[in-house]
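Coordinate-derived values only; no laboratory data. Note that the coordinates shown come from a computational prediction; the quantities given were computed from them, not determined experimentally. Glycine gets a Cβ as well: all are built from the backbone with ideal geometry, and neighbour counts include every protein chain shown.
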Amino acid sequence: MNRRSFLSLAAALPALSLFGQNAASPDFAKLPVGGMDKKQAAAFAAAGYGYLELFLSAEIVPGKEDEVFAKNLAALKGLPIPTTFLNGFITGDIPMVGPDAQHDKVEKWVRTAFPRARQLGVGIVTVGSGGSRRCPKGFDPAKAREQFSKILGRIAPIARDNGIRLTIENLNTAETNLCTSITESVEVITAAGPEVFLTADLYHMMRDDDPAAELRKAKGRLIHCHVAEKELRSAPGTKGDDFRPHLRVLREMGYAGAFSFECGWAKSVSPDKAIAAFRQQLGTL
């Protein structure tokens, strides 16, 4: 798949997934796979990965002047595969929930971040940001969920106006205490409104023993996935984790998104072996 073809597919993927149906009927085993380490971009390209997914705060640098971003943009566009997804979203010193929630600062952040992401060709931004969304001790968790939904609903139209789909990802309980399951994440994005979607992180699901069947609750809102093995957060094929229970549910749901390997490559098999192992699982459901 050449760069132009992939960018066209990436732009279409969110729309294909909106109804939980694979409207264009692509072969599930051939859905795009990407990586999250730009130092591995050449190895990714050689192995058949379609894209990079990188940290928004590190690459888009919303807190810095345009000249700094321009240098990053030129460097990213010079890589052999495009950066079409971003995650991380916002730094922990700008809280989205709690008594000191700073929603005006969040909006200011995205009004710089999303137009810059558009210049890069990004189609999906995933809100992880475990520190920013952590419910402070003693604060009402229900109120924190309400705050999180409110800010997501507030910034989603800004994402839309820049050609971006906004998602949140489920994290595990060692990283945050808000939206640590598929069920809770779906509740939050439903309250946020129809323009907020879900990135299902299979690693976080496995860490917290969130059953694969829970993915069905996200039908119609699930447009992206993160993947890593449970023990070491390693790439597929390192320890031999079986992702097929999750993949079967996704296929049955008509999932038409992409899969990003969010892992530490120093403790993993090589990128070519990782994608081969994952595609083998995709092809034997």
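Taking only Cα atoms of the chain, what ratio of Rg to Rh do you get with Rh as the Kirkwood inverse-distance radius? Kindly include the intermediate steps, with their values, before the conclusion.
Values: Rg = 17.6 Å, Rh = 18.8 Å.
Rg divided by Rh gives 0.94.
For Thr190 and Arg251, what is the calculated FRET efficiency with R₀ set at 25 Å and r taken between the beta-carbons, to the nearest 0.05?
Working: r = 24 Å, r/R0 = 0.94.
Calculated value: 0.60.
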Note on region 172-243: the mean projected area of its alpha-carbon convex hull, in nm², is 4.8 nm²
Over region 61-165, with a single point scatterer placed on each C-alpha, what log10 of the ratio I(q)/I(0) does the Debye formula yield at q = 0.12, 0.13 1/Å?
-> -0.43, -0.50
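Applying a 10 Å radius around every beta-carbon, put 72-81, 102-111 in order of their mean neighbour count, most first.
Working: 72-81: 14.1, 102-111: 16.3.
So the peptides 72-81, 102-111, ranked by packing, come out 102-111, 72-81.
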Here, Ala46 and Leu232, labelled 7 Å along Cα→Cβ, have an inter-label distance in nm of 2.1 nm
Please report, in debye to the nearest 20, how large the charge dipole of the chain is about its Cα centre when each Lys and Arg carries +1 at its beta carbon and each Asp and Glu carries -1 there.
-> 540 debye
Where in the chain are the DSSP H helices whose alpha-carbon span along the long axis reaches 27 Å or more and whose Kyte-Doolittle mean is at least -0.5?
-> 141-161
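What percent do you get for the relative contact order of the chain when only Cα pairs under 8 Å and 6+ apart count?
Details: 554 pairs, mean separation 60.8, N = 285.
Dividing the mean separation by the residue count of the chain yields 21 percent.
How much of the pair distance distribution for region 186-285 lies past 17 Å, counting alpha-carbon pairs only, in percent? Walk me through the numbers on the way to the answer.
Values: 2538 of 4950 pairs.
Above the 17 Å cut-off, region 186-285 has 51 percent of its Cα pairs.
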Alpha carbon centroid spacing (whole Å) that separates region 32-63 from region 92-152 | 22 Å
Quick one: Cys135, Cys263, fewest Cβ neighbours within 10 Å first, how do they rank?
-> Cys135, Cys263
Distance between modelled label sites at Lys30 and Asp100, nm, 7 Å Cα→Cβ extension = 5.2 nm
Work from the charge dipole of region 85-190 (Cβ charges, +1 for Lys and Arg, -1 for Asp and Glu, about the Cα centre) and give the residue of Pro99, Trp109, Gly138 farthest towards its positive end.
-> Trp109
